[in-house]
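Participant: Questions regarding the structure given below will be posed in turn.
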Amino acid sequence: MKKINKKYAEIMRQADKAVGRKEVVSLLKKAAIIMSKSEENLAA
């Protein structure tokens, strides 16, 4: 669980520093996938 949170936090930092729109969108999609995985683990 902690590993997932660290990955999520790192991707969000990268998205914050990203320059292009496509770069930001792709990073936010990755972050959403990671967050959904963590929510699946909590629900199970």
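Read-outs: derived from the displayed coordinates by stated rules, not from any lab. It should be emphasised that the depicted structure is a prediction, and the values quoted were computed from it without experimental measurement. Here the Cβ positions follow ideal geometry from the backbone for every residue, glycine too, while neighbour counts run over all protein chains shown.
Participant: Could you grab the relative contact order for the chain? Cα pairs under 8 Å, six or more apart, rounded to a whole percent.
Facilitator: Once normalised by length, the contact order is 44 percent.
Participant: Neighbouring Cβ atoms within 10 Å as the yardstick, rank R13, R21 fewest first.
Facilitator: The order, fewest Cβ neighbours first, is R21, R13.
Participant: Right, next: What angle, in degrees between 0 and 90 and rounded to the nearest 10, separates the Cα long axis of helix 21-43 from the longest principal axis of the Cα atoms of the chain?
Facilitator: Taking Cα atoms only, the helix is inclined about 10 degrees.
Participant: Quick one: angle between helix 2-17 and the longest Cα principal axis of the chain, in degrees between 0 and 90, rounded to 10, please.
Facilitator: It is inclined by approximately 20 degrees.
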